[in-house]
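Below is one structure, written out as C-alpha cells; comments come after it.
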Ligand code: PGA
C-alpha cells in the first residue's frame, strides 16, 4: 500500500502526519506500507518512521550516479537519505515534464543499481481509452520501458497501473476495468520473462483510491496493492486504506 504525496507537505507537516499515522498502522502486518513524500521531506519521514515497518520512497530518481544534472537527485542521494523505494514514470511526470518510456527505463535501471525498489507507473490517457487503444498503449509502455530490463532486475520492480483519467479526478476505474488492464500487463511480463516471473510481479492500482473503494479493488486477485495520491495525505484516511 503506497502513498504518493506529490508536491504536498513540509518537513514539519511530515512529522505531524507520522505522529498520527504510526499508531493507526502499528498492528498492520498484512502488507508493506510505503510513503513517498517530496525529496525535501525524505529525511524527516525516514526519521519519523524509525522503528516501524513503514518504508519511505522518493518520487523520481536521476539516472546518473552524480554529475552536471541541475535539479536531479541521484540514487545514492536517495539511499543515503534512508529511502528504500522510488516512484518512476508517474503520468504527471510524463505529461508535464517530458518523461518518456526510454527515460523511465534509464531511471528504473539506476534505482535497481543503487538498491532501491522502483514503483514504475504505466497507464493510458482518456482519449486513448475512448479510442480503444488501452491495450496497445500498455503494451508499448511495457515494451519500450521496463520490458528492456534483464530478468533478474525485472523481478525486483513493482508496477503501478494508473489510468491517467482516474488520477485526481475522483473517477476510479472499476475493479473489473483495473483487473483487465493488470492482466494485459501481466501477460506482457509472462511473455517476456516467463510464467513464473509474470505471476510473481506485483501490480498496484492507482487513481482515486479512497477508503471506501479499496476493499472492492483489493478483492480482485489481479490487484496486489494500491498507489494512493490525494487520500494518502491524511493519516486517518491512508490508515483506513492500509487496514482495508
Ligand atoms: P490520486 O493519485 O489517488 O489522487 O488519484 C494517484 C496517483 O497519482 O498516484
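What to note about this one:
- Here residue 239 passes the criteria (1) crowded, with 16+ Cβ neighbours inside 10 Å; (2) farther than 30 Å from residue 152 by Cα; (3) modelled with pLDDT of 95 or more; (4) out of contact with any helix residue (DSSP H, G or I) (no Cβ under 7 Å at 6 or more places or on another chain) except the one numbered (4).
Rundown of residues vs (1) in a helix (DSSP H, G or I); (2) within 16 Å of the ligand (Cβ to nearest atom); (3) in contact (Cβ under 8 Å) with a residue 12 or more places away in the chain; (4) surrounded by fewer than 19 Cβ atoms within 10 Å (Cβ to Cβ), yes/no style:
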residue	(1), (2), (3), (4)
98	no, no, no, yes
102	yes, no, yes, yes
107	yes, no, yes, no
111	yes, no, yes, no
120	no, yes, yes, no
128	yes, no, no, yes
135	yes, no, yes, yes
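- Counting the residues of the range 177-217 that are over 18 Å from residue 242 (Cβ atoms) and assigned to a loop (DSSP other than H, G, I, E, B) gives 2.
- Residues in the range 185-218 that are free of Cβ contacts under 8 Å to residues at least 40 places away in the same chain, in contact with a strand residue (DSSP E or B) (Cβ under 7 Å, 6 or more places away or on another chain) and within 23 Å of residue 148 (Cα to Cα): 1 in all.
- Checked against the criteria, residue 179 does not count as crowded, with 18+ Cβ neighbours inside 10 Å, more than 21 Å from residue 33 (Cβ to Cβ) and at pLDDT below 95.
- Residue 147 out of contact with any strand residue (DSSP E or B) (no Cβ under 6 Å at 6 or more places or on another chain) and either assigned to a loop (DSSP other than H, G, I, E, B) or surrounded by fewer than 15 Cβ atoms within 10 Å (Cβ to Cβ) (or both): no
- Here the condition is being surrounded by fewer than 17 Cβ atoms within 10 Å (Cβ to Cβ), touching a residue at least 12 places away in the same chain (Cβ under 8 Å) and at positive phi; of 71, 82, 89, it holds for 82 alone.
- Given (1) touching a helix residue (DSSP H, G or I) at 6+ places or on another chain (Cβ under 7 Å); (2) away from the ligand (no atom under 15 Å from the Cβ), number of the condition residue 71 does not satisfy: (1)
- The C-beta contact set for the range 219-244 (first residue over 20 Å from residue 19 (Cα atoms), second residue within 14 Å of the ligand (Cβ to nearest atom) and part of a helix (DSSP H, G or I), distance under 7 angstrom, 6+ apart or interchain) comprises 220/178; 223/178; 223/217; 226/214; 226/217; 226/241; 244/214.
- Entry remark, the range 150-165: residues being assigned to a helix (DSSP H, G or I), within 16 Å of the ligand (Cβ to nearest atom) and either over 17 Å from residue 130 (Cβ atoms) or within 15 Å of the chain's Cα centre (by Cα) (or both) number 1 in total.
- Top-ranked residue of the range 198-218 - restricted to ones that are surrounded by 16 or more Cβ atoms within 10 Å (Cβ to Cβ) and away from the ligand (no atom under 16 Å from the Cβ), ranked as farthest from residue 36 (Cα to Cα): 198
- Among the residues of the range 220-244, those identified as under 21 Å from residue 25 (Cβ atoms), more than 10 Å from the ligand (Cβ to nearest atom) and not in a helix (DSSP H, G or I) are 223, 224, 225, 234, 243, 244.
- A search for C-beta distances below 9 Å between a residue of the range 1-16 that is over 16 Å from residue 33 (Cα atoms) and within 10 Å of the ligand (Cβ to nearest atom) and any residue that is part of a loop (DSSP other than H, G, I, E, B) and modelled with pLDDT under 95, counting only pairs 6+ apart in sequence or on different chains, returns 6/168.
- Enumeration of residues in the range 221-236 that are out of contact with any strand residue (DSSP E or B) (no Cβ under 6 Å at 6 or more places or on another chain) and crowded, with 17+ Cβ neighbours inside 10 Å: 222, 230, 231, 233, 235
The values are calculated or read from the model by the stated rules, or taken from the named source; none is laboratory data. Given the structure is predicted, the values throughout are model-derived calculations rather than measurements. Using ideal geometry, Cβ is built from the backbone for each residue, glycine included, and neighbour counts are taken over all protein chains shown.
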